[in-house]
1. Quick one: divide the alpha-carbon radius of gyration of chain A by 2.2 N^0.38 Å and tell me what you get.
2. Rg/Rh for chain C: what does it come to with C-alpha atoms and Rh from Kirkwood?
3. When the helix-only estimate is applied to the protein assembly as shown (DSSP H runs of n ≥ 4, each -39,500 (n - 2.57), divided by the residue count), what is the mean residue ellipticity at 222 nm, nearest 500 deg cm²/dmol?
4. Considering only DSSP states other than H, G, I, E and B, which trypsin sites (Lys or Arg not before Pro) in region C:171-276 qualify as loop sites with at most 12 other Cβ atoms within 10 Å?
5. Summing +1 for each Lys or Arg and -1 for each Asp or Glu, what net charge is found among the other residues whose Cβ lies under 14 Å from the Cβ of C:F91?
6. Count charges around C:F51 for me, please; just the other residues with Cβ under 14 Å from its Cβ, Lys/Arg as +1, Asp/Glu as -1.
7. Considering the convex hull of the alpha carbon atoms of region B:90-178, report its projected area averaged over all viewing directions, in nm², one decimal.
8. Please give the Cα centre distance for region B:54-95 versus region C:186-200, rounded to the nearest Å.
Amino acid sequence: MAEEKKRIQAYLEQLKNKVETQENYGGEITNEEARMDIRDCPECGAGRAYHKGLTACAYCGFVFMDTKLTDGVNIRKENNS
Amino acid sequence: MSGNPLLEPIHGITLEDYGAACARLGSGLSEDDVAKALGVELPVWQEANLLWPERMKQDATFHIVTLFGQYFGQADQHPKFSGLKASASPEGAGNIEKIKQDKDFYQELEVARQVAYDYGLDGAQWIVDNYGIPIGDFQIAASLWNDQIHRDIQADYAGYNQRQAAYQAKYQQLFAEKQGGNVADDIEF
Amino acid sequence: MFNLFNKKNENLALIEEMRTRQERWFVFLEKLEARMEEMNTAAVPELQKVFRQDTDPYKRAHIHMLSGLLGQINQMRNKANEVKEENIVCFMQEAEASLPSIISSAGSEYRRKLYTFRMACLDRHNVFEDKINHAISLLQGAAGEQDLESAYQEELAAFERIRDKFSCKQCGGNITIPRMFFIDTYITCPFCQSQNTFSPSTGARMVLHQARSLAEQRTAHLLRSYEASNPKNPDLYRHYLRCMFDEWNKIVPDMVVENEKFYERLINEYNINHHP
């Protein structure tokens, strides 16, 4: 009886140790805070104004994104420059 | 196929782009890398990444999800991603190739991965630790071999089962030994 | 091996063999059951502890521990299946092949004995299988449900605390985040109209991942009342599904349009299968 108990205890011990110390695939999830950022035009330094769209610089024509925006969740097709 | 509104690109990102992007994410590329390869900024990528799965959920015919699987498997051929791979060790790079060339190698590791979970291990991580193969490449291999394996099963069901059982026994023994045996190893008929 | 029917058409060796085999089989299964119970008794509190202490939002330490324990239960199940195959089923087939013709009285008598043996052994195995299934659901249910509601309420409160704390990276003007976002999004500065990029916290992103599960937790009582209805009342299921989606939409209002398309698909499929 004592032998069986020891066997189970040893099994559980190593299982617990294994699951608590092993690396999870994709790594640990770090809690990141919300943050705000901006991307100015790398060519002329201008900011991106809302009514000029998201895809190109209104001043020098630099292409921020070479794509055609459609109606998504927050981004709409009106956001094409 | 044409005219299916569920196949329309989302912010210019096609299902083909999306399938390859997901495969590359699964192989260790960062979201930033993927967005850059697609020529979009993160908010645009994240919307596409949110909306493509929605399209799959809405499609009762499973057509979109089937195509997605195909494109996922063809990520290596996608022009926007073909030159872009996460850094892998030389051994890992060799195994990533091997799993796509060698069906037996794939089948054995697939069993090993599943058995690892039965022993409390993170199976995907075990594969990375021991073979350097990320889950994305594993899934690509799965999509490459699925048809062939399906044909094998139809041609020789018993043979297929026998090979699977042998792999299972091999890895059950390996993982059991590492944890000092199974709880009921001493109980005999 | 047991085809030793004597002149009186008796085979005492076979009778003895069936008796001892059945006994050994019962003892073997009892031992496995006792071990399984002992393992579960010790494992359940540990499993609960790991679940509570697991800070990973996906509770992966708990998932892997549970999967390891279920692996051991399955190992016992497979062990019993192998013994059943080798020592009960194969034995039965061999013994049956050794019997005299079925039309002889010994033939029919020993077939009856063999049948009784077979039923006793298989019934005992069914009891074992029931216990296996019970053990599995005990382990699966041990940790209980993740309290998604509290996590969600915490995120709502956290968002209220930070929503006014941002400023435009271009002109420095204050920006209030209009609503809770779950993915990166562009925010227009109300002063200079510049497009800023807002990245939500990890916690806010998790709300999107857990939204359906939380909606299901909130409406679990409706699903239970459908499941308790006898015969099953499809209207109760429809009611549950609608309410679940309403809750889901409340948690992630940005997803209403997409969620509703998904709802349409599910309800259509349900109606096709449960007409009228």
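Bear in mind that the values in this text are calculations on the coordinates, not laboratory data. These numbers come from a predicted model, not from an experiment. Reconstructed Cβ throughout: ideal geometry from the backbone, glycine too, with neighbour counts over all protein chains shown.
1. 2.31
2. Dividing the radius of gyration by the Kirkwood radius yields 1.24.
3. -21000 deg cm²/dmol
4. Those satisfying the criteria are C:R179, C:K232.
5. Its environment carries a net charge of -2.
6. -1
7. The number I arrive at for region B:90-178 is 5.6 nm².
8. 33
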